[in-house]
1. For segment 21-38, give me each residue that is at pLDDT below 90 and either in a loop (DSSP other than H, G, I, E, B) or within 17 Å of ILE78 (Cβ to Cβ) (or both).
2. Residues in segment 28-38: is at least one exposed (fewer than 10 other Cβ atoms within 10 Å of the Cβ) and free of Cβ contacts under 8 Å to residues at least 12 places away in the same chain?
3. Output the strands (runs of 3 or more DSSP E) that fall wholly within segment 45-98 and possess 1 or more residues being free of Cβ contacts under 8 Å to residues at least 40 places away in the same chain, under 16 Å from the mean Cα position of the chain (by Cα) and under 21 Å from ARG29 (Cβ atoms), or say none.
4. Find the residue count for segment 39-61, including only residues that are within 17 Å of ASP75 (Cα to Cα) and of a type in the set (A, V, I, L, M).
5. I'd like the full set of residues that are within 11 Å of ILE96 (Cα to Cα), surrounded by 13 or more Cβ atoms within 10 Å (Cβ to Cβ) and β-branched (Val, Ile, Thr), limited to segment 41-83.
6. Looking only at segment 47-98, count how many residues are aromatic (Phe, Trp, Tyr) and more than 18 Å from LYS36 (Cα to Cα).
Amino acid sequence: MHKKIFFSVFLLFFMFFAFSSFVDAAIPRLINYQGKLTDTSGVPLTGSYAITFRIYDALSAGNLLWEETQQVLIDKGIFGVLWNPRIIRIRTPLFIAV
């Protein structure tokens, strides 16, 4: 009887630690960015556009930390993209330029 309890507890701990490492490894490292794009008159755009996204370390005169151009499909001004800025360590405020 004690062997069954011991084995059950051992199996429970083993499963917990084995699967907790998978959960930690599965954290996505992506940034979801959504926005609305309009022309100079405020009319929402529709179509495919090349948009360049940049991340800086300061609001003005900052250092460029990351840049990526994506072909983005826009519907009635609304778009959404995923970024994967692998080299950025977010420890201080960052500023996005589109």
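1. First, pick out the residues of segment 21-38 that are at pLDDT below 90: 21-33.
Once the filter is applied, which keeps residues that are at pLDDT below 90 and either in a loop (DSSP other than H, G, I, E, B) or within 17 Å of ILE78 (Cβ to Cβ) (or both), segment 21-38 yields ALA26, ILE27, PRO28, ARG29, LEU30, ASN32, TYR33.
2. Looking for residues that are exposed (fewer than 10 other Cβ atoms within 10 Å of the Cβ) and free of Cβ contacts under 8 Å to residues at least 12 places away in the same chain, one finds at least one in segment 28-38, hence yes.
3. On the way: elements: 47-56, 64-74, 78-83, 95-97.
Result: 64-74.
4. 4
5. Listed by number, the list holds a single entry, ILE55.
6. Restricting attention to segment 47-98, the residues satisfying the condition of being aromatic (Phe, Trp, Tyr) are 49, 53, 56, 66, 79, 83, 95.
Now restrict to residues that are more than 18 Å from LYS36 (Cα to Cα): 56, 66.
Adding up the residues that qualify gives 2.
The values are calculated or read from the model by the stated rules, or taken from the named source; none is laboratory data. Small disclaimer: the values here were computed from a predicted structure and weren't measured. Glycine also receives a Cβ, built like all others from the backbone with ideal geometry; neighbour counts cover every protein chain displayed.
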